[in-house]
Amino acid sequence: DQARTESSLMVRYCADFEAQYTRRITIITALKEALVTGSELSLVYQPKLHMSSLSITHVEALLRWNSVSLGFVPPDEFIAVAEQSGLIKDVTHWVINRAISDVQAMKQQGVNVCVAINLAASDILNDDLLPMIIDKSMQAGLTNENLAFEITESDLVADHQLAIQQLSRYREAGYSLAIDDFGTGYSSMAYLKNLPVTDLKIDKSFVLKLANNESDQQIVQTIIGLAHSFGLQVIAEGVEDKASLALLNHWKCEYAQGYFISRPAPLNEIIVWIQKYKDLPWSD
Ligand code: C2E
Ligand code: MG
Ligand code: MG
Ligand code: MG
């Protein structure tokens, strides 16, 4: 009986494994194609509210893939596959090129903001990336205040010394850097002290239910205090209600981002949203 259970578990394990494997291969093939044509990929932008001035000076670029064959594929899924397969290099190139031309378009319409781009661990290790970014953004007439970068905390923990060295080059080029998903990556104080970053983004898992959860409130307050003591600015992601926004404002969190303020939106919509926002200051 036990043997039978084990063998049926084995069959199921193999079937799951095969399904996952097939899905991965399908994604790689379709994503390669999408990177060539470019027509299935797009960027959406989500604003970050600067709380003390109630202004929108920063947005984050988020990649979307609407595949003809696979439908909508969530970025968490295809970015992970791209990282494992080495396709991430081409994905990042695509994102940077599109983000730069979008910032140019925003500026032409009088919207001068800083666009944060998410980078993967391997992007940071790629020595060709930063010179390419500097070159393209100069050609497009951007300043180093028009672009910033976000790197997930867990990606930075792996090779600490090398990460510090590479990130310093971005800082020397004048770009702001944020640690993304902070609170989920087990970094220590010693580690934080040496990281050349300017901002810390509190992971949305601590923010989504902030107003109703006391332990999240303690965690978030602690992270804000820690960040400020290191001279870092704080961004809270995943703000979904007014009560959470009020708490973050009370604790002097510099920026808030989340569905309560705005969902990520395509370029043209976000330009209009920001222009309107300027005329309608944040209020009740
Ligand atoms: P992230 O950089 O931490 O981005 C925040 C995610 O939370 C985004 O999911 C955003 O749409 C979502 N979000 C924002 N506000 C709220 C809210 O109020 N409630 C909830 N429930 N969610 C909210 P998205 O767009 O699905 O992206 C997921 C992750 O995929 C990103 O996490 C980032 O790690 C990665 N990603 C997205 N675009 C890129 C990219 O261009 N390059 C790289 N390397 N990674 C990317
Ligand atoms: Mg991010
Ligand atoms: Mg996050
Ligand atoms: Mg993330």
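What is the sum of charges around E40, taking Lys and Arg as +1, Asp and Glu as -1, for the other residues whose C-beta is under 13 Å from the C-beta of E40?
Result for the local shell: +2.
Taking the Cα centre of segment 179-271 as origin and charging only Cβ (+1 Lys, Arg; -1 Asp, Glu), how large is the dipole, in debye to the nearest 20?
160
7 Å from Cα along Cα→Cβ at both W94 and F230: what's the point-to-point distance in nm?
Between W94 and F230, the label points sit 3.3 nm apart.
Helix 214-229 sits at what angle to the longest principal axis of the chain, using alpha carbons and giving 0 to 90 degrees rounded to 10?
60
Under a point-charge model restricted to the Cβ atoms of Lys and Arg (+1) and Asp and Glu (-1), what is the dipole moment magnitude of segment 1-128 relative to its Cα centre, in debye to the nearest 20?
I would put it at about 340 debye.
FRET efficiency for E269 and A246, Cβ-Cβ distance as r, R0 = 25 Å, nearest 0.05?
The calculated FRET efficiency here is 0.40.
Leaving ligands and nucleic acids out of the surface, order H160, H228 by accessible area at 1.4 Å, largest first.
I get H228, H160, largest accessible area first.
To the nearest 10 square angstrom, how much accessible area does C14 have with a 1.4 angstrom probe?
The accessible area of C14 comes to roughly 60 Å².
Give me the distance between the Cα centres of segment 125-147 and segment 52-117, rounded to whole Å.
15
For the chain, what does the accessible surface come to per residue with a 1.4 Å probe? Please give it in Å².
Accessible surface, normalised per residue, equals 51 Å².
Among M106, F78, H93, which residue has its Cα furthest toward the positive end of the charge dipole of segment 78-140, with +1 on Lys/Arg Cβ and -1 on Asp/Glu Cβ?
M106
Carbon-plus-sulfur fraction of the accessible area of the chain, 1.4 Å probe, in percent?
Accessible surface attributable to carbon and sulfur in the chain totals 52 percent.
Between helix 160-172 and the chain, what is the angle of the helix's C-alpha long axis to the longest principal axis, kept within 0 to 90° and rounded to the nearest 10?
It works out to around 40 degrees.
In deg cm²/dmol, rounded to 500, what helix-only [θ] at 222 nm does the chain give when every DSSP H run of at least 4 residues adds -39500 (n - 2.57) and the total is split over its residues?
Roughly -16500 deg cm²/dmol at 222 nm, from the helical runs in the chain.
State, to one decimal in nm, how far the label point of T29 lies from the label point of E77, with both points 7 Å from Cα in the Cβ direction.
1.6
In segment 186-240, with Lys and Arg counted as +1 and Asp and Glu as -1 at Cβ, which of these residues, V234, T198, S215, has the Cα nearest the positive end of the dipole, that is, farthest along it?
My answer, from the dipole projection, is T198.
Roughly how many debye, to the nearest 20, is the charge dipole of the chain about its Cα centre, given +1 on each Lys and Arg Cβ, -1 on each Asp and Glu Cβ, and no other charges?
500
Between the helical axis of 75-85 and the dominant principal axis of the chain, each derived from Cα atoms, what acute angle in degrees is found, rounded to the nearest 10?
Taking Cα atoms only, the helix is inclined about 60 degrees.
Could you tell me the ratio Rg/Rh of segment 126-284? Both radii from Cα atoms, Rh via Kirkwood.
Dividing the radius of gyration by the Kirkwood radius yields 0.99.
The values are calculated or read from the model by the stated rules, or taken from the named source; none is laboratory data. Only a predicted model underlies this, so the values are computations on that prediction, with no experimental measurement involved. Glycine gets a Cβ as well: all are built from the backbone with ideal geometry, and neighbour counts include every protein chain shown. Areas reflect the complete protein model, heavy atoms only, side chains present, ligands, DNA and RNA absent. Shrake-Rupley method; radii C 1.70, N 1.55, O 1.52, S 1.80 Å.
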